[in-house]
Amino acid sequence: MSTVVTSEHLLQKLRELLTQTSINNLTLKKLTDHCAVSRSTIYRNFPGGMPDLCLALLQQDLEYLLQQQLADWQQMVEFSINFIEHHRVRCLNFYHLLILQNQEIISQDTITKLLELYLAQTLQSQFNYQLLKKHSVEIKFVVGGILYQLKKWFDSQLKLAAVDVIESMNCGLSLLEDTLIMEH
C-alpha cells in the first residue's frame with residue numbers, strides 16, 4: 001500500500017524542519033530525508049523545487065495573516081511582529097532560506113499588496129483607487145522603509161525590541177496617510 005504524498009504534507013514537513021534550531025543551508029536532500037520521499041515526489045508537487053516550496057509556505061503564512069480580522073494597519077503590524085517573535089526559530093530559518101533562494105523581492109511585492117489592501121479597505125471612504133495609483137511611488141517608499149526595518153530586525157537575529165520595530169514600521173504609513181489626506 002503506497003501513501004500519496006500531498007503538497008500540504010510536504011509543506012508541513014518543511015515547516016517542521018524550519019522549527020529546528022539553526023538550519024543552515026537547507027537543501028532538497030535534507031527535506032527529502034525528513035519527508036522520506038524521493039526528489040521526484042518533491043518536483044511532482046512543486047516543479048520549481050525548493051523555491052516553489054518556499055513560495056507556497058510564504059503564501060500560507062500570508063493567508064493566515066489576512067484571515068485575522070484585524071481592524072487596521074497598526075494591529076496587522078503588531079500581530080505580524082508578535083507572530084514572528086512567537087515562531088522565532090522558524091521565521092529566522094525561513095528568512096535565511098529565502099535569502100539563499102534569492103527571493104527577497106517577493107517580500108516587497110507581498111508587503112506592497114498588504115499595504116495597498118489596507119489602504120483600499122480602511123481608508124475607502126476617504127480615498128479612491130486613482131489616488132492610491134497616483135501615489136504608487138510613495139507606497140513603494142513606505143514599503144522600502146518597512147523592508148529595511150524588517151531586514152535590520154532579522155539581521156540582528158530578532159534582537160531589536162519588537163516595540164521599536166513596530167513603531168518604525170508605522171512611522172512611514174503615518175507620513176503616507178498625511179500626504180493622501182492633504183491631497184484629498
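Tabulated data for the structure shown
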{"item": "Some residue of region 55-73 being among the charged types (D, E, K, R) and not in a helix (DSSP H, G or I)", "result": "yes"}
{"item": "Flag for Asn82 being out of contact with any Asp or Glu (no Cβ under 6 Å at 6 or more places or on another chain) and modelled with pLDDT under 90", "result": "no"}
{"item": "Region 141-163 residues that are farther than 18 Å from Asn93 by Cα, paired with ones that are of a type in the set (Asp, Glu) and surrounded by fewer than 18 Cβ atoms within 10 Å (Cβ to Cβ) (beta carbon under 8 Å, 6 or more apart)", "result": "Ala162/Glu85"}
{"item": "Count of residues meeting criterion [among the small types (Gly, Ala, Ser) and under 14 Å from the mean Cα position of the chain (by Cα)] in region 35-83", "result": "2"}
{"item": "Residue within region 152-162 that is under 19 Å from the mean Cα position of the chain (by Cα), surrounded by fewer than 14 Cβ atoms within 10 Å (Cβ to Cβ), assigned to a helix (DSSP H, G or I) and modelled with pLDDT of 85 or more present", "result": "yes"}
{"item": "Cβ-Cβ under 7 Å pairs, at least 6 apart or on other chains, region 71-93 side in contact (Cβ under 8 Å) with a residue 12 or more places away in the chain, far side assigned to a helix (DSSP H, G or I) and among the charged types (D, E, K, R)", "result": "Arg90/Arg15"}
{"item": "Matching entry among Val137, Val143 (being of a type outside the set (Asp, Glu), at pLDDT 80 or above, more than 27 Å from Ile84 (Cα to Cα) and assigned to a helix (DSSP H, G or I))", "result": "Val137"}
{"item": "Test: residue in region 67-75 that is modelled with pLDDT under 85 and aromatic (Phe, Trp, Tyr)", "result": "yes"}
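The values are calculated or read from the model by the stated rules, or taken from the named source; none is laboratory data. It should be emphasised that the depicted structure is a prediction, and the values quoted were computed from it without experimental measurement. Neighbour counts are summed over all protein chains in view; Cβ atoms, including those assigned to glycine, are modelled from backbone coordinates with ideal geometry.
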